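Just below is one structure, and these are the notes that go with it.
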Amino acid sequence: MEEKVLALLTSEFPDIDFTASDALVDDGILDSLTITGIIAALSMEFNITIPYEEIIEENFNSVAGLARMVQKLSNV
Amino acid sequence: MAGSKNRKGMGCFVKSFLAVLIAAAIYMGCYVLFSPVWLEWNNYNTVHGFYKEPENTIETLFLGSSHVVNGITPTELYRDYGLCAYNLGTEQQGVNVSYYWLREAYRLHAESLTTVVFDVSMLRRTASETFVQKGIAGMRLFPGRVQAMYDYYLGPYGTGDLQDVLEQLNPVTAYHTRWNQLTRQDFEKFHLQPTLYSRGYHFVSYSLLDEGNAEEDYEEENAPYLESVLDESVPGEELQDSELYYFDKIVAFCKENDLDLVLVKIPARGWGSNRHNAVQALAEKNDLPFLDYNFPVSGQNLVGETYLVDSHDGNHLNYFGATKVTHAIGDYLVKNCRVTDVRGQQNYAFMEQELADYNKNVVVCSELYLATELEQYLTLAAQNENYVIFLPGKDETSGALHEPLRAALADLGFTKLAQIGWRDSYVGVLDKDGVQEVLEKADTQKEAMLEGAMQNGVRYSVVGAGWSSENFSSCSIDETEYSPNLRGLNIVVYDQSTDTVVDVTNFDTLNTTERMSGYPLQEIETMEAEGKTYQDLTENAQKLYRYMHHVENQEIAGALQGHGGRQELVTWLDAYRQKDRVILLAAQGDAADRLSEPVREALAQRGLTQLAELQPGETYFAVIEKDQKPYEQTEGDGTPLPLEDAIFRMIHAEPGAGDAIEPAGLQLIVYDRIEEAIVAQTSFETFEDPLAVAEREMRNEFQTIFLTPKGKML
Amino acid sequence: MAFTELSFFVFAACLVLFYYLLPAKMQWIVLLTGSVIFYVSYGAEKLPFLLAAAGIAWWAALRMEKIRPDGPESRALARKKQKKVLLGAGALLVLLLLYAKVGTWVIQSFAALLRLDADSVPQAILALGVSYYTFSMLGYLADVYYGKEKAETNFLRFLLFAIYFPKILQGPISRHKFLAPQLKETHRFCYEAFCFGFQLMLWGYFKKLVIADRLAMLVNYVFDNVETQTGAHLLMAACFSAVQLYCDFSGCMDIAGGFSQILGLKLEPNFNHPFFSRSAAEFWRRWHITLGTWFKDYVYMPLAISPRVIRISKKVRETCGARAGKAVMTVLPLSVVWVLTGLWHSTEWNYVVWGVYWGTLIICANVFAPELKKLTGFLHINTKTESWKIFQMVRTFFLFVVGRILTVPGTLHGSAEVFKKIFFDFQPGSLFDGSVYSLELDRANFHLALVCIFVLWAVSMLQEKKPVRQRLAESNVVFRWAAWYALLFSIVIFGVYGPEFSAAAFVYMNF
C-alpha cells in the first residue's frame, strides 16, 4: 500500500519529496493546497471518501500515515 | 531559592519604581515645554509677576480685558497716591475669567484686598474658548486652574464633557501638537523671569501719529473718535445671560468677602450710550458705582479730545492715555474707597524697587518718545544700559549737524558721526559696552554695515547707505526689518531686558535736528502763548488740532441736542462762539415777529445790536467769529461784504444752485475754518414755542445762502 | 471606551489590579465582568445579540455532543442529527450576523416598498464585533461537530471566550481550542510578561496614534477631494492608505495582544509583516491571518475535499486533462472563499469586486504557476537574487494598493474615478513641487510620517530575524531604557490625540 501511495503522490506532485521527513505538515512541506490535491488524488485513485475529521497531522505527516488512512477508509 | 526570588521581586519593584519616576520627570519636562508662553499684551509678566508679589499686599485689584491691560498702570498709583494695586487684566478677558482671577487673587491676598475695579467691556460679548484658555493659562494648577476649568466646561454654560476639562488642564494633551512650532522662547521659559515693575500694565508709548511705530498709516478719514456724548434716553443694549451670570457671581463674591466693587469703562471705541445705559442700569440695580470714562466724568472728558495721541492703535490707550485714566481712578479711589497709603511701611518696601525700575524703563521710555531734539533723544536713550541704539543713516545725514551738536555726539561716543560729511554712508550701534561705528565717505560709494549679536544672542544687521551709494537704510533684528528707511538718521532702540524694540524714529538731519513729535499736544497747548497760528504748527500737530476740533464740534452738538430739542438762538450762539468757527446768521422778515424782549436784550448784550432791533420786513445777515465784533448787515445798507471769501467757501458754487433758504425765521450755519466744512446748521422758526421747535429736524438738510453782492437776500 | 481613550487606561489598570490581587480562581470572573463592562460601554442594546449568539452556540455544541451513537448503523444517523443541529445553529448565527450587517438596508427597502418614511422605521442594531464573534462561534461549532474539540459545559466560561474584550473589537478570530484552555488556567504575575506586554502595547499605540491617525488625515483629505487631486497625489495617498490600514489594524492587534500578555494570555497572531510578502498567497498568510486560516479550515478544506467537488474535478480531468482537473479542485473552493471574504468585509459591491480581485490573483498565480515560471526563465530573470525578492515585495505591495483603491472611495464609481486619474492625469511633478505639504499634513508632519514609516520598516526588518523585545531585553540598560522612553514620548508628543484632533475611530471596528 505504501509504495502505491508513494508512487501516486510522486507522479501527481513531482516537485515534492515525500520521503524527506516524518513531519511533512509540521515542517511546511505540505501546504493546504497540496493537501487538498493529495486528498483528491487519493480519493479518485482508491475510490474512497476522506472525511474532514481525517485531516489530521498523524495521517498526513508521512507517507506511512497516509497509507494507513487509506487502508482504514478502504475497509469501511 | 526563596531568597533569590524575593530579591528578584524587589529588583523588579525597584526597577518599575525607577522607570515610573523617570517617565514622570520627562513628562513634567514636556509639561513645561509645551505650555505656551503668551508674551503678547504683557500676559506673561502680568500673570507670573502676580505670583511673585508677596502675599497679602495687594489692596486694589483691576480686572478686565485688553483695555484694562493698556489703560491702568498701578505703579503710578503707588507713586502718586501710595496705593498697592495690581492689574490682572488679560486679552479679551471674559467675565468668567475675571471671576476666576478674582477668586485666585483673593486666595492669596485675602487680608489686604479691599477694592475690586472691574472694567465692563466684556459684558457685551462672550469670550471665545481660546481666550478663556489664554486668560487662565498662567494660573497655578491647584486649586485655581482646576476649579476654573471645571466650572468653565461643566458649569451652566459649558460643554458638559469631563474629557474637555482633563485635556485642557494638561498642556501636554492640549498643546503637544506644537512640537513643530517650538521657538527659542519655549526653551528659555525654563529660566524666564517676569518683569515686576509694570504690575500688569502693558506699556506702549507711541501714538497713531507716529509713522515709525504705527502698525498702519494714519488716515484722517478713518480717524478713531470716541462716542463721548451721552444720551441717556437711548435704550440699553441687552447684555448676554452668560456674562450676567458671572457678573452676579462677582458681585456676590465681593459682598461675601467685604470688597468694594467699582465698575469702570476704560475709554475705547465700540462703546456708546446704549451700552452705557445698559451697564448703568445694572450698576444701579446692584448699588455699585459706575465710572464710564468714555463720557465726561465730573464734567471732564478724559481722553476723548486727544484720543488720537492717547491711543496707539485706535482701540487701546497708550502710556499717555493710561496715566490720565489711572490718575482719575486714583482720585476716585482715594476719596471713595478703603485704600491706604502704604509708602514707608516695612512690608511694602519692595515697591520702592519696583518704582525705581519703572522710572528707569517706563518713564524714561515715555520721555524718549516725547523728545524732539536729536541730542536730547540720544542722551535719554543712552541712559538706560539695557538699550541698544541702532543708527543707520540714509541719503544725506550731515546737513543739519552743527558744531555744538557734533561735539555733543562725540561726547556720547559717536565720534565718527561727529565727523560725517556730505552724503557719507554711516551706521552706528551703541550699547552699554560702547559704540561701534562705520563711516564710508561718499566718493567711495560704499555702504556702511555692522553685523553681530547682542548679549542675549539675538542677531542684528544694520546698513546705512548715502546718496551716492545704495541710498537706503536697514536695521534687521532677529530677521525682522525695523528701519523706517527715511532720509537722514534713522534710529531703532532695542531693549535687551524685554527683548523688544521700544522705539523707531527718524531725524531728517539734512534739514533739521528736530523730529516731528508723535505726541504734539504740548505744541497745541502753547501755541497761543507763543503767538502761533494753525498754519505754524507742524504736520502732526495740525492733524491733532483738526482732530480735537472735530471732537469739540461733536461735544457742542451733543450738548445742544441734550437740551431736549429746545433750540434757543442764544444758546447756540454761545456754544459756537469758539475759536476757528464762523457763525453765519441770516434772517427773513418774519423773524422779527418772533424775537421776544428778553431775547433781544440778550442779543444786544452779545454785540448783535442790529439783530436786537430787527424790524418786520427787514432781511438780515451776520458773521460772528469768537470775540471779534460781529459783522452785521441789514437790508438797505448797500455796504459791500468784507468777508467775501468766507461766504464764498460756504456757498457751493453749483450751477443753478440758487436755492433760497426757506423764508421762515432765522437760519444759523456754523463753518469750521480748521475742518474747512460746515459743522452745524439749524433754523429757528419761533422762539416762543419750544414744542414746535422740537419737532423740527434740520440737521441733515443742506441749504445754501445765496446773497447778492449787496447783501440782499433773494 | 476606545483603546485610545483615557477611560480605557483607567479601566485597564483597574482590571489588572483586580486580576492579580484577587484569588487566582476568580481571574476568569474578573475578565468576564471586565469584558461585559467594556462591551456595554459601547451601548447596552448591543449586548443581547451577543448573549443570544453565545447561548445558541453553547447549547448547540452540548446538544451535538449529547447525540451519541449506540451502534455502527446509528452512527450515520447520529451524524445526520448532529449535522442538523450544526446547520440549524449555524444558520441562526449567520442570520444574526446578516441582521447586523444588512438589517438596516433590508428594513429600509421594505419601508420604501410600503412607502414609509425612511426616518420613521427603526434601525437595525449593529452588534459590536459581530463578524468576529460569529465566526469564532461558527468555528467552535464546526470543531465540536468534527470531534476536534469538546463542548464547553459552563455557559459563563463560554461567554467569556466569546466576549473577551481585547479581541472583540477587531479580532483576532479566536479558536476555542486555543483560547479557552488559557482562560481556564490561573496565571501568576510575571514581571517579564508584564514588561513585554506593556512594550507591545506601546508599539501598538505608536502605530495607531502616530502613524495611522496621522496618515489618515492626508488620506481622507485626498480621497474626499478626488477631483482636485493629481494622479500622482492619489497614488501616493493610496500607498499611504495601505500603510495606514496596516498600522491601524495591527496596532490594535498589538494593543490587544500586549494587554493579554500582561494578563498571562496569548492571542493568535493576526499579522506577520505582510508587506514582506512575495506573492498574493503569501500576503494572505501574513495579513489578517486568523481570517485566512478560518476560511481555509472551515470553508476551503471542507469544500475542496467534499465528494461533489472531487467528482466534478474527476469529470473535468477526464475531459480536459489532469492539469485542468487539478485546477478545478482549487478554483472552485477558492472562488467561494474569496467572494465570502469580500462579503465578510462589507456587503457593498466594491468589496465583492475586491474579493473577486484577490481571488483572481491567487487563483491565477496557482493555476498558471508553470507558465509564470517559464516566463521568468524566458526573460532570464534569476529568481534567487535579493533584487528579485525585493521586486516581488514591491509588486505585492502595489497589488495591495490596488485593492485599497477598490475600497477606500466607497463606491465602484469612485474607485473608477481614481484609476482614471492615476492613469490619465498622473503629473509626477506634483510630487516634487511642494503641493504634497498642503494635503492636511504640513511639512513637518509629512516628514514625520515618512520618518515613522522608516522606523516601522526598520523594526519590522529586525523583527523578522529576531523578536525586537527580546533583542532590547538583552542589550545594555541605558540603550534599552532610552529606546522605550523614546517610544513612549513619541506617542505622547506626536500622537494624534487631544483637542486639536477629533478621535479617529479604529477602522476595522464596524465589521
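Per-structure values
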| read-out | value |
| --- | --- |
| Elements of type helices (runs of 4 or more DSSP H) in region B:1-96, at least 2 residues being within 30 Å of residue C:481 (Cβ to Cβ) | B:2-34 |
| Those residues of region B:17-42 which are within 13 Å of another protein chain (Cβ to nearest Cβ), more than 22 Å from residue C:191 (Cβ to Cβ) and either of a type in the set (Ser, Thr, Tyr) or surrounded by 11 or more Cβ atoms within 10 Å (Cβ to Cβ) (or both), in sequence order | B:26, B:27, B:28, B:29, B:30, B:31, B:33, B:34, B:36 |
| Among residues of region C:301-314, those that are in a helix (DSSP H, G or I) and facing chain A (nearest Cβ under 7 Å), counted | 7 |
| Criterion violated by residue C:81 - all others in (1) in contact (Cβ under 8 Å) with a residue 24 or more places away in the chain; (2) of a type outside the set (A, V, I, L, M, F, W, C); (3) surrounded by fewer than 18 Cβ atoms within 10 Å (Cβ to Cβ) satisfied | (1) |
| Which numbered condition residue B:386 misses (of (1) outside the structural domain of residue B:431 (by TED's automatic domain parsing); (2) surrounded by fewer than 17 Cβ atoms within 10 Å (Cβ to Cβ); (3) touching a Ser or Thr at 6+ places or on another chain (Cβ under 8 Å)) | (1) |
| Among (1) at negative phi; (2) touching a strand residue (DSSP E or B) at 6+ places or on another chain (Cβ under 7 Å); (3) at pLDDT 85 or above - the single one residue B:548 does not satisfy | (2) |
| Qualifying positions in region C:142-156 - closer than 15 Å to residue C:184 by Cα and free of Cβ contacts under 8 Å to residues at least 24 places away in the same chain | C:154 |
| Members of region B:156-191 found to be of a type in the set (Ser, Thr, Tyr), loosely packed, with under 15 Cβ neighbours inside 10 Å and under 24 Å from residue B:243 (Cβ atoms), listed by number | B:159 |
| Every residue from region B:149-201 that is aromatic (Phe, Trp, Tyr) and either more than 10 Å from every other protein chain (Cβ to nearest Cβ) or under 30 Å from residue B:359 (Cα atoms) (or both) | B:150, B:152, B:153, B:157, B:187, B:190, B:197, B:201 |
| Residue that is modelled with the lowest pLDDT [pool: residues in region B:307-338 that are part of a loop (DSSP other than H, G, I, E, B) and crowded, with 22+ Cβ neighbours inside 10 Å] | B:312 |
| Only listed residue being on the phi > 0 side of the Ramachandran plot, in contact (Cβ under 8 Å) with a residue 12 or more places away in the chain and either in contact with a Cys (Cβ under 7 Å, 6 or more places away or on another chain) or in the same structural domain as residue B:115 (by TED's automatic domain parsing) (or both), chosen from B:70, B:56 | B:56 |
| Out of B:82, B:138, sole residue that is under 30 Å from residue B:60 (Cα atoms) and out of contact with any helix residue (DSSP H, G or I) (no Cβ under 7 Å at 6 or more places or on another chain) | B:82 |
| Cross-chain or 6+ apart pairs with Cβ under 7 Å, region B:208-230 first and at pLDDT 80 or above, then of a type in the set (Asp, Glu) | B:228/B:555; B:229/B:555 |
| Qualifying residue in region C:255-275 (condition: among the charged types (D, E, K, R) and free of Cβ contacts under 8 Å to residues at least 24 places away in the same chain) | no |
| Test: residue in region B:434-450 that is within 23 Å of residue B:515 (Cα to Cα), small (Gly, Ala, Ser) and in contact with an Asp or Glu (Cβ under 8 Å, 6 or more places away or on another chain) | no |
| Positions within region B:146-155 being under 36 Å from the mean Cα position of the chain (by Cα) and either surrounded by fewer than 19 Cβ atoms within 10 Å (Cβ to Cβ) or not charged (D, E, K, R) (or both), in sequence order | B:146, B:147, B:148, B:149, B:150, B:152, B:153, B:155 |
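Yes or no, residue by residue, for (1) of a type in the set (D, E, K, R); (2) in contact with a Ser or Thr (Cβ under 9 Å, 6 or more places away or on another chain); (3) within 28 Å of residue C:270 (Cα to Cα); (4) touching a residue at least 12 places away in the same chain (Cβ under 8 Å):
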{"position": "C:307", "(1), (2), (3), (4)": "no, yes, no, no"}
{"position": "C:318", "(1), (2), (3), (4)": "yes, no, no, no"}
{"position": "C:322", "(1), (2), (3), (4)": "no, no, no, no"}
{"position": "C:342", "(1), (2), (3), (4)": "no, no, yes, yes"}
{"position": "C:353", "(1), (2), (3), (4)": "no, yes, yes, yes"}
{"position": "C:357", "(1), (2), (3), (4)": "no, no, yes, yes"}
{"position": "C:386", "(1), (2), (3), (4)": "yes, no, yes, no"}
{"position": "C:392", "(1), (2), (3), (4)": "no, yes, yes, yes"}
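The values are calculated or read from the model by the stated rules, or taken from the named source; none is laboratory data. Model, not experiment: these values are computed from the prediction. All Cβ positions, even for glycine, are placed from backbone atoms using ideal geometry, and neighbour counts span all protein chains on display.
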